[in-house]
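The values are calculated or read from the model by the stated rules, or taken from the named source; none is laboratory data. As the structure is a computational prediction, the values presented were derived from the model and not from experiment. Here Cβ is always computed from backbone atoms with ideal geometry, including for glycine, and neighbour counts include all displayed protein chains.
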Amino acid sequence: GNSVTQMEGPVTLSEEAFLTINCTYTATGYPSLFWYVQYPGEGLQLLLKATKADDKGSNKGFEATYRKETTSFHLEKGSVQVSDSAVYFCALSKETSGSRLTFGEGTQLTVNP
Amino acid sequence: EAGVVQSPRYKIIEKKQPVAFWCNPISGHNTLYWYRQNLGQGPELLIRYENEEAVDDSQLPKDRFSAERLKGVDSTLKIQPAELGDSAVYLCASATGGSWWETQYFGPGTRLLVL
């Protein structure tokens, strides 16, 4: 079946540090890949997505590239801010699973000033 | 544009009691999802509606969980009777057409604690 594996957390960084959160997936074919973010006290919201291999999703300084050869969709940001502190979820969706999202376990990011 | 609305935000009940959660999706969104998020984990789909029809309820524990989406708009998820293991956050999401590449928009969730 489909699955998503995220790097173990939590992750603590200083402001302006470089961020990488690893995400790998297991699925046949070509799933769509997503990063959702959950700020404290709020619901999940889409951060970025990619729907085909080699696509790069980007938003708010975050980027992730859909790598079919390594089945990965790592999230990166060049300079994090305190306001980026949140839980980040990698997820996939496949045509054969309807539009069901399969999520990773989430990575808690804390950015200190 | 208003987002997905859920109520209540928090609910504490004793085991064996019934509980219900309500969701109002974004206007015009035909697809509605209920997910359950256990502590420290990612959400898992319980049920998906296309308009009034439940098209994916394979993960819904049907012995105690039920859901409805009358008139293809609002939805209610019910648990009867609740068990300790049902403590979780119940998330509602909606999307325009339910295609597998589409963005799903999530509500703030209902945090359920079963004592």
Any residue that is among the basic types (Lys, Arg) and touching a helix residue (DSSP H, G or I) at 6+ places or on another chain (Cβ under 9 Å) - is there at least one of those in region B:32-39? yes
Kindly evaluate A:Val87 against the criterion of being in a strand (DSSP E or B) and within 22 Å of B:Gln104 (Cα to Cα). yes
Among residues of region B:8-36 being under 10 Å from the mean Cα position of the chain (by Cα) and at the interface with chain A (Cβ under 10 Å from one of its Cβ atoms), the residue nearest to B:Glu68 (Cα to Cα) is B:Tyr33
Find the residue count for region A:34-64, including only residues that are within 10 Å of the chain's Cα centre (by Cα) and of a type in the set (Ser, Thr, Tyr). 1
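Here's the yes/no breakdown for (1) charged (D, E, K, R); (2) crowded, with 16+ Cβ neighbours inside 10 Å:
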| site | (1), (2) |
| --- | --- |
| B:Pro18 | no, no |
| B:Asn30 | no, yes |
| B:Pro43 | no, yes |
| B:Arg48 | yes, yes |
| B:Ser58 | no, no |
| B:Arg69 | yes, yes |
| B:Asp86 | yes, yes |
In region A:23-36, the residues that are modelled with pLDDT of 90 or more and within 11 Å of chain B (Cβ to nearest Cβ): A:Pro31, A:Ser32, A:Leu33, A:Phe34, A:Tyr36
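Being more than 9 Å from the chain's Cα centre (by Cα), of a type in the set (Gly, Ala, Ser) and surrounded by 23 or more Cβ atoms within 10 Å (Cβ to Cβ) is the filter here; which residues of region A:86-103 pass it?
A:Ser93, A:Ser99
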Can you pull out the strands (runs of 3 or more DSSP E) entirely within region B:47-115 that have at least 2 residues that are within 8 Å of chain A (Cβ to nearest Cβ)? B:53-56, B:88-95
Leading residue by the ranking (farthest from B:Pro108 (Cα to Cα)) among those in region B:16-46 that are small (Gly, Ala, Ser) and assigned to a loop (DSSP other than H, G, I, E, B): B:Gly28
Which members of region B:1-55 meet the condition of being hydroxyl-bearing (Ser, Thr, Tyr) and over 19 Å from A:Tyr36 (Cβ atoms)? B:Ser7, B:Tyr10, B:Ser27, B:Tyr49
Filtered residues of region A:12-34 (kept if crowded, with 18+ Cβ neighbours inside 10 Å and in contact with a Gly (Cβ under 7 Å, 6 or more places away or on another chain)): A:Cys23
Which of (1) surrounded by 17 or more Cβ atoms within 10 Å (Cβ to Cβ); (2) more than 19 Å from A:Pro40 (Cα to Cα); (3) more than 14 Å from the chain's Cα centre (by Cα) is the odd one out, the single condition B:Leu115 does not satisfy? (1)
Restricting region A:53-72 to residues that are loosely packed, with under 13 Cβ neighbours inside 10 Å and among the acidic types (Asp, Glu), the one nearest to A:Phe18 (Cα to Cα) turns out to be A:Asp54
Just name the residue that is nearest to A:Gly41 (Cα to Cα) out of those in region A:59-113 that are charged (D, E, K, R) and away from every other protein chain (no Cβ under 12 Å). A:Asp84
